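Quick notes on the structure that follows.
The values are calculated or read from the model by the stated rules, or taken from the named source; none is laboratory data. From a predicted model like this one, the values you see are computed outputs, not experimental measurements. Here the Cβ positions follow ideal geometry from the backbone for every residue, glycine too, while neighbour counts run over all protein chains shown. Side chains are part of the model used for accessible areas, which takes the heavy atoms of the whole protein and leaves out ligands, DNA and RNA. Shrake-Rupley method; radii C 1.70, N 1.55, O 1.52, S 1.80 Å.
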Amino acid sequence: MRNRTAIWPALALTAPLVLFLACAYALPFLGVALWSVTLPELGTGQYQRLVGDPLVASVFTRTFRICLVVTVVAVAAAYAITYVWVRGSRLQRRVIEICIFVPFWISLLTRAFGWLALLSNRGLFNSWMQALGLIDGPLALVRNQPSVIAGMVHVLIPFAVLPLASAMRAVDERVLLAARGMGASRLRIFWSVFLPLTLPGVIGATLIVFVFSLGFFVTPAILGGGRSIMVAELVYLRMFQSPDWGLGAAISVALVILVAALMALLSRFARLALTGGGK
């Protein structure tokens, strides 16, 4: 009886959040799903076009490939940065904190144009390299996939740092001291003790970075220059350039379904990894 009574305050506190999420996410998504089967006419023709269109398939393949590379690079870089932040000296921690939190104050658009100013044909990098006599002409550093990956990694590293920092701070220092007392080297302690203990943070950072990267629009559009189109940019082009609202809505729904399925698989894999395969 007491448990039933305690449920009502919890429901009262969570109901506004649930209502907000429903209004902000669920209803718009249902509207987009409705467009995908009603525009320009009722039926599943847009999904049939989506499956049979080689352009859409190539964009989805490119998007997942870029997102995988971005996730690996961002999480690896964030792990090294977080390790210094958590276990470094006082000065190192202050510098890392500035590098982590200052990007949150700068818009995505500003950061994308910053990379463009750095890597373009008349940008700082090419200008310096030519002034030093290291190259004869400008290098093609933008409007390609490497520039898109660099810009996305720059944006997503701070998001990967936060779950990694939480996991690293939860590591019991006495466990590391015990391993040191048993004669293990620093490298052995890291690979056999520290890294497995921070695995939940690695998994959380991987999920966050991968999901965020799938919906990137501004950075690939600016740094890719139309040569590395990702799914979000394709949706924009289909809805506002063609216009083909039905196909754009179908692409959006397909992306959401694929992400949900992938998240379910990754979450199941993460649970199995953290529990030792259910043993």
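Taking all protein chains together and rolling a 1.4 Å probe, Ser58 ends up with roughly 50 Å² accessible.
With coordinates expressed along the principal axes, the C-alpha atoms belonging to the stretch 13-57 extend over 47, 23, 10 Å, beginning with the largest. For the residues Thr198, Thr206, a 1.4 Å probe over the protein chains yields an accessible-area ranking, largest first, of Thr206, Thr198.
I need the shape label for the stretch 123-171. Rule: rounded when a/c is under 1.5, else prolate if a/b > b/c, else oblate, with a, b, c from the alpha carbon gyration tensor. Prolate is the answer for the stretch 123-171, as a/c is 1.5 or above and a/b outweighs b/c. For Val161, the shell of other residues with beta-carbons less than 14 Å away shows a net charge of +2, using +1 for Lys and Arg and -1 for Asp and Glu. Fully extended, how many nm does the chain gain between Trp191 and Arg87 (0.36 nm per residue separation, minus their Cα-Cα distance)? Gain on extension, Trp191 to Arg87, equals 35.8 nm. Please label the shape of the chain as rounded, prolate or oblate, based on the square roots a ≥ b ≥ c of the eigenvalues of the alpha-carbon gyration tensor (a/c under 1.5 means rounded; beyond that, a/b larger than b/c means prolate, else oblate). Oblate is the answer for the chain, as a/c is 1.5 or above yet b/c matches or exceeds a/b. Each Lys and Arg adds +1 at its Cβ and each Asp and Glu adds -1 at its Cβ; summed about the Cα centre, the chain shows a dipole of about 1060 debye. Projecting the Cα atoms of Asn121, Gly151, Thr206 onto the dipole axis of the stretch 53-277, where Lys and Arg carry +1 and Asp and Glu carry -1 at the beta carbon, places Thr206 farthest toward the positive end.
Residues of the stretch 42-81 falling in the label zone of Arg94, defined by backbone nitrogen less than 15 Å from a point 7 Å along Cα to beta-carbon, are absent.
Within the full protein context, the accessible area of Phe20 is estimated at about 120 Å² for a probe radius of 1.4 Å. Look at the alpha carbon pairs under 8 Å that are at least 6 residues apart: their mean separation over the length of the stretch 45-128 gives a relative contact order of 9 percent.
By a 1.4 Å probe calculation restricted to protein chains, Tyr236 has an accessible surface near 90 Å², given to the nearest 10. For the stretch 42-102, would you read off the P(r) tail past 13 Å as a percentage of all alpha carbon pairs? Above the 13 Å cut-off, the stretch 42-102 has 72 percent of its Cα pairs. Of all complete DSSP H helices in the chain, those with a Cα span along the helix axis of 24 Å or greater and a mean Kyte-Doolittle hydropathy of 0.0 or more are 2-21, 54-87, 145-169, 245-274.
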